[in-house]
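Participant: Next up is a structure, given as structure tokens.
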Amino acid sequence: MPHDHHHDGHEHTEPPSDIELRVKALESLLVEKGLVNPDTLNTIIETYEHKVGPRNGAHVVAKAWADPEFKQALMADATEAVASLGYCGRQGEHLKVVENTDDTHNLVVCTLCSCYPWTVLGLPPAWYKSAPYRSRAVSAPREVLGEFGTDLDGDKKIRVWDSTSEMRYLVLPQRPLGTEGWSEEDLQALVSRNSMIGVELARTPGQDTEALK
Amino acid sequence: MQKFPHQPQDEEGPVFNAPWEAQAFALVLALHEKGLFSWQEWAATLGDEIVVAHAAGDPDLGNTYYEHWLAALETISLKNNLSSAVELDRRKSQWYAAYLSTPHGKPIELSAGD
């Protein structure tokens, strides 16, 4: 031990990793210069860790299934329609909703980096940010869907939407059969994050959500 | 089912694997909200960093994402004169020294004379 002349061995704190020091250095300088406010940072982290998530998107989808007027507004101007539910973007980006139909299935990717509809889905999962997904969603979408356990009819068309910093996409999955008369709240439980990215379908009634992990 | 290696099982969304990732994430949003760069500018910078990392051999499976994010944040901060390389390097050393001189369990602070 380099500090064995101290009987308690607690005379210093182990410095963190290089990457943590880089963040600390940058953050403390920017705060000192008044360019960022520590309270703002905490609010942002709190928001993204606890308040923004795929439940927002599930709310939007379930409402679109249950309320034809809302659906019409959503398809016409998704940015506006989701804002009416209280979900507003921070980056001034536009949101477009793409609807799955009997003929067409939609899949969302960001080939450049990882643009993602944060306001309705929270932060993207790791696989969405991975190079294999970013390239293969475009080159082999049917294969990628198969890896997620989503096997589509051979004649169903797949449309791939490449997100940008200005335009983000949310998939409106097809409403599962056997849900006629369901409340919006019950419908929400069928809407998984993955179904709104387009790698899966909405859950069907009775499907154990735990089993889908 | 594991779709890609290192894919975390996060059915309801991520979020961060370590506090520094959350800090780096929040810094970018805060600087952007303050108007210090546009979101287009940020996305382009991040995209460039990912390309560079990829070219340097990073398999880029999503688990190194916030490393690219931090590199892009440093790049855009230098480019837009929010900080300088010398200043950053010096501050990093100061933090390192502060850890070494602070008894375990006590809050780490930079001393005024640094």
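Participant: Only residues that are assigned to a helix (DSSP H, G or I), within 19 Å of A:Ser163 (Cα to Cα) and more than 7 Å from every other protein chain (Cβ to nearest Cβ): list them for the range B:38-65, please.
Facilitator: B:Glu41, B:Trp42, B:Ala44, B:Thr45, B:Asp48, B:Glu49, B:Val51
Participant: Could I ask something else about it? Taking the range A:128-143, which residues are surrounded by fewer than 24 Cβ atoms within 10 Å (Cβ to Cβ) and either more than 10 Å from chain B (Cβ to nearest Cβ) or not charged (D, E, K, R) (or both)?
Facilitator: Residues satisfying the conditions are A:Ala131, A:Pro132, A:Ser135, A:Val138, A:Ser139, A:Ala140, A:Pro141, A:Arg142, A:Glu143.
Participant: Starting from the range A:126-148, take each residue that is not assigned by TED's automatic domain parsing to the domain that holds A:Glu200 and list its partners that are among the aliphatic types (A, V, I, L, M) and buried (at least 17 other Cβ atoms within 10 Å of the Cβ), counting only C-beta distances under 6 angstrom and pairs at least six apart or across chains.
Facilitator: If the second residue must be among the aliphatic types (A, V, I, L, M) and buried (at least 17 other Cβ atoms within 10 Å of the Cβ), no pairs are left.
Participant: Now for a different question. Being within 9 Å of chain A (Cβ to nearest Cβ), more than 24 Å from A:Pro132 (Cβ to Cβ) and of a type in the set (S, T, N, Q): is that true of B:Ser84 here? Step through it out loud before you land on a result.
Facilitator: Working: within 9 Å of chain A (Cβ to nearest Cβ): no; more than 24 Å from A:Pro132 (Cβ to Cβ): yes; of a type in the set (S, T, N, Q): yes.
Considered against the rule, which asks whether it is within 9 Å of chain A (Cβ to nearest Cβ), more than 24 Å from A:Pro132 (Cβ to Cβ) and of a type in the set (S, T, N, Q), B:Ser84 comes out as no.
Participant: All but one of (1) in contact with a strand residue (DSSP E or B) (Cβ under 9 Å, 6 or more places away or on another chain); (2) closer than 24 Å to A:Ala58 by Cβ; (3) among the aliphatic types (A, V, I, L, M) hold for A:Val138; state the number of the condition that does not hold.
Facilitator: (2)
Participant: To continue, here is another question. Run B:Ile108 past the list (1) at the interface with chain A (Cβ under 7 Å from one of its Cβ atoms); (2) at pLDDT 85 or above; (3) part of a loop (DSSP other than H, G, I, E, B) and report the number of the one that doesn't hold.
Facilitator: Result: B:Ile108 fails condition (2) only.
Participant: If a residue must be facing chain B (nearest Cβ under 7 Å) and either part of a loop (DSSP other than H, G, I, E, B) or among the basic types (Lys, Arg) (or both), how many such residues does the range A:38-67 contain?
Facilitator: The number of residues fulfilling the criteria is 1.
The values are calculated or read from the model by the stated rules, or taken from the named source; none is laboratory data. Treat the numbers as computed from the prediction; the structure is a model and nothing was measured. A quick note on method: Cβ atoms are made from the backbone with ideal geometry, for glycine too, and the neighbour counts reach across all protein chains shown.
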